[in-house]
Amino acid sequence: MDIPLKKKRFTTKKILLIGGIILLLALIVFVILSSLGGSKLNVEKERISMSTVEKGVFQENIPVNGIVLPITTIYLDALEGGRVEEKFVEDGAVLKKGDPILRLSNTDLELSLVNQETQVYNLLTQMQISQNAARQNTINKLNQYTDVENGLIEAKRIYDLNKKLYEKDAIGRQDLVKAENEYNYQKERMKLSKQILKQDSSAVKQESGQVQSSYARTRNALELMRRKVADLVVKAPVDGQLTSLDAEIGQSKNKGERLGQIDVLSGFKVRADIDEHYISRIYNGQTGSFSFNGKTYKLSIKKVYTQVTNGRFQVDMQFEETVPEGIRRGQTLQIRLALSDEKQAIMIPKGGFFQQTGGNWIFKVSEDGNTAYKTDIILGSQNTEFYEVLSGLQPGDKVITSSYDNYGDIQELVLKD
């Protein structure tokens, strides 16, 4: 008699199938939990910085360093080259306009001055001789003119007399014709004498003008040479303080070489270095502020230097109201340079979180203060203290602003006391 066999409930094939399904489900659950932020990390509250999101007056600004400089700096260059013979003052001296600073010597220049003076004196002597000769020549011509004039008068008298005598048959026609010819001759001589005298006057005037012009040019050249020699004594062009004097006795200086500078002490300005990233947003009249001795002072941009060096450009700023008492040349100031007008905005304090998140998300603290979870945000402008929040947070929210270096891909922080 045959005995019926019982079917096995779980075959090896079924067991393997069930095991595969369980593993697949476990993988799916793990992925879902990971995507839902299931990863947590315990963090002690005392090791983090929490800040409150607030709404208030916001102004975009950037921090820049500025150096205090004199309001005006006049550079001293050697107008003429030479050897330093004498120094009248030392570096740092306060000078008045025209005060001598140092004296240079230049033998070639001084010799040229002597030659120029000799040339002027020789030209003056020649001009005087020429003028005397012209004057004597004019006198001779005037004497000749007088003789001709006298001859004309005498010839006319004789002609008029002979004419009357001829009419009375007292003389012959030959005597009348002779007297008439003499009279006409003297009249032509008079015309010629007048013309000669006129031409002489014009020639003398022209020659005198040429000589005077030549003499004037030579005198101007002499005056120019004297000024060049006078420039060997370097003088203060304005009232101020002598700084950066670079000259020692016996040292040779070339024409145009920098000798030092004069700082005008009537005021100060501030020269600031700014990153080239902001060059399109910087313009004259833009304002900034800084703190000094417990007070806040304002500055405004007066001049923008658009030349970029090592990724930075410079601006000159002037004090808007009063210059802080006690401020000194060369002092460094920490300036907040405004890039926008003031406005109402939602803000969060700046912190180390930005380096890891790029401002795209932040850990927002729950209402009970026990946890903090990732929240997407959008930040706008920034200043030295705050970021402007465009979306993702509301005033009163608490966020973690300290560094996220140790959080990796953590989705939630459990905050422990």
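Descriptive notes on the structure:
- Residue under evaluation Ala272, criteria (1) surrounded by 17 or more Cβ atoms within 10 Å (Cβ to Cβ); (2) under 24 Å from Gly81 (Cα atoms), criterion not met: (2)
- Hey, Ser391 over 30 Å from Phe290 (Cα atoms), open to solvent by 40 Å² or more (accessible area, probe 1.4 Å) and not aromatic (Phe, Trp, Tyr) or not: yes
- Which listed residue, of Gly98, Gly92, Gly56, is small (Gly, Ala, Ser), in a loop (DSSP other than H, G, I, E, B) and more than 30 Å from Thr218 (Cα to Cα): Gly92
- Condition check for Val264: touching a residue at least 24 places away in the same chain (Cβ under 8 Å) and surrounded by 17 or more Cβ atoms within 10 Å (Cβ to Cβ): no
- On the stretch given as segment 276-314, residues that are more than 16 Å from Arg336 (Cβ to Cβ) and among the polar types (S, T, N, Q) total 8.
- Looking only at residues in segment 62-77 that are of a type in the set (S, T, N, Q) and at pLDDT below 90, the one that is nearest to Gln286 (Cα to Cα) is Thr72.
- Selection count where residues are open to solvent by 40 Å² or more (accessible area, probe 1.4 Å) and in contact (Cβ under 8 Å) with a residue 12 or more places away in the chain, scope segment 353-385: 14
The values are calculated or read from the model by the stated rules, or taken from the named source; none is laboratory data. Since the model is a prediction, treat every value here as computed from it, not as a measurement. Positions of Cβ are generated from backbone atoms using ideal geometry, with glycine treated the same way; all protein chains shown enter the neighbour counts. To get the accessible areas, we keep the full protein, side chains included, count just its heavy atoms, and leave off ligands, DNA and RNA. Shrake-Rupley method; radii C 1.70, N 1.55, O 1.52, S 1.80 Å.
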